[in-house]
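Worksheet for the structure shown next.
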Amino acid sequence: LTGVLDDCLCDIESIDDFNTFKIFPKIQKLQERDYFRYYKVNLKRPCPFWADDGHCSIKDCHVEPCPESKIPVGIKAGSSNKYSKAANNSKELEDCEQANKLGAVNSTLSNQSKEAFIDWARYDDSQDHFCELDDERSPDAQYVDLLLNPERYTGYKGPSAWRVWNSIYEENCFKPRSVYRPLNPLAPSRGGDDGESFYTWLEGLCLEKRVFYKLISGLHASINLHLCANYLLEETWGKPRWGPNVKEFTRRFDPAETKGEGPRRLKNLYFLYLIELRALSKVAPYFERAVVDLYTGNGHEDAESKALLLDIFRDTKSFHMHFDEKSMFAGDKKGAKSLKEEFRLHFKNISRIMDCVGCDKCRLWGKLQTQGLGTALKILFSEKEIQSLPENSPSKGFQLTRQEIVALVNAFGRLSTSIKELQNFKALLQQTR
């Protein structure tokens, strides 16, 4: 892969250098810190779209939840969008004030009405979400240590896995049923059509819908790359050896084996990297405020985590070839607003499809990476709100929960790793020639 990417003025070589020498080492370090390694997730939510296939019995699909005793006290104590020490201490006071405010509206309000007001406030808050968020208060939501449950090839494949991806592409990428994606095993045989009709259709779409498809394709390519790079190579005496599988990589991405489709998928991975990189540079002012602490209860570690995060933001701002999202949703106001809402709802649906993944480990990483991308989109479409944040008080216009922050950083960490692994596969392929 070389040269300039479509739909943005950026070349692949610049991204490779920037990622390898600046971003990758720092994001790896950040992901190892307590604030970012514990992710709360509900892996028991039922699939809302079709009858469950039952859970995968392959042992590598298993996710080991974290015992309560291992979770840092500050993470456990904090409610979903409290991430500073002050906020954790002021929770009761806030609840009290909330009750007073509701009482001040009309002292005869019933408890039921008060609950309804709080629900409306929550509903308003969810209007900018691109993802279906897990309810962290559900008894089925558990903390998972991401470092102990790495994303890798588990053996989960075949019709069940294909149904998930097919549902994502066919029903959520603005695509008519009559246009078939190249190499789709669930599509009827199309004779001589090698996918050109699909790309003719894609080129005819407006930028926003084309971007949507590229984001999903890039996410799919990134996940496939992780599986090729962390593959079970052999298991002797119960000791598994994981590593890069060149044959699997070639099967999924080689131009000859994929009829030219592989390189297109990898270009979409770079495109997705640029989108999430742009979101990180845009959200920096939110974290630069003193009121935001990456709170775990360990003051020294929290300060170090924040310093490292701000250092990464400085790097993201120094990269000059960002994707420019200002060209999106730039038509007449009414049309742009309706298209943006359609975009948001399509993506939200994709986040719900992740509850249909049969393998727990794949579901965990699918949910996390989808939520990370959803958070990036929420940031890109909230630029005005981020710029007008108050310096010393929690914001009302734009807010990130701890879950969104953890997902954003880890999802970008996965993309950074994908691009690094791609360099590794290039080197391995040169050795085998």
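The values are calculated or read from the model by the stated rules, or taken from the named source; none is laboratory data. The shown structure was predicted, so the numbers you read here are calculated from the model rather than taken from an experiment. With ideal geometry, Cβ positions are generated from the backbone for all residues, glycine too; neighbour counts draw on all protein chains shown. All accessible areas refer to the heavy atoms of the entire protein, side chains included, with ligands and DNA or RNA removed. Shrake-Rupley method; radii C 1.70, N 1.55, O 1.52, S 1.80 Å.
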The stretch 224-266 versus the stretch 304-383: alpha-carbon centroid distance in Å: 27
Chain lengthening between Lys76 and Leu205 when straightened (0.36 nm per residue, less Cα-Cα): 41.9 nm
Overall Cα dimensions of the stretch 129-186, principal axis frame, Å, largest first: 43, 31, 17
Average accessible area per residue (Å²) across the stretch 320-431 - probe 1.4 Å, nucleic acids and ligands excluded: 39
The stretch 227-315, accessible surface, carbon-and-sulfur percent (1.4 angstrom probe): 52
Pairwise label distance in nanometres, Gln430 with Ala290, each label 7 Å out on the Cα-Cβ vector: 5.1
Sequence-distant lysines (8 or more away, or on other chains) whose Cα lies within less than 21 Å of Lys209: Lys175, Lys267, Lys326, Lys333, Lys334, Lys337, Lys340, Lys348, Lys378
Surface accessible to a 1.4 Å probe, per residue, for the residues of the stretch 165-256, Å²: 47
Cβ crowding within 10 Å averaged over residues, with 227-239, 359-371 ranked highest first: 359-371, 227-239
Sequence ranges 179-185, 29-35, 402-408, ranked by mean other-Cβ count within 10 angstrom, highest first: 402-408, 29-35, 179-185
Kirkwood Rh in Å, taken over all unlike Cα pairs in the stretch 172-330: 19.2
Phe21 versus Glu171: modelled label distance in nm, points set 7 Å from Cα along the beta carbon direction: 4.7
Stretch gain in nm, segment Ser138-Glu64, where the contour uses 0.36 nm per residue and the Cα spacing is subtracted: 24.8 nm
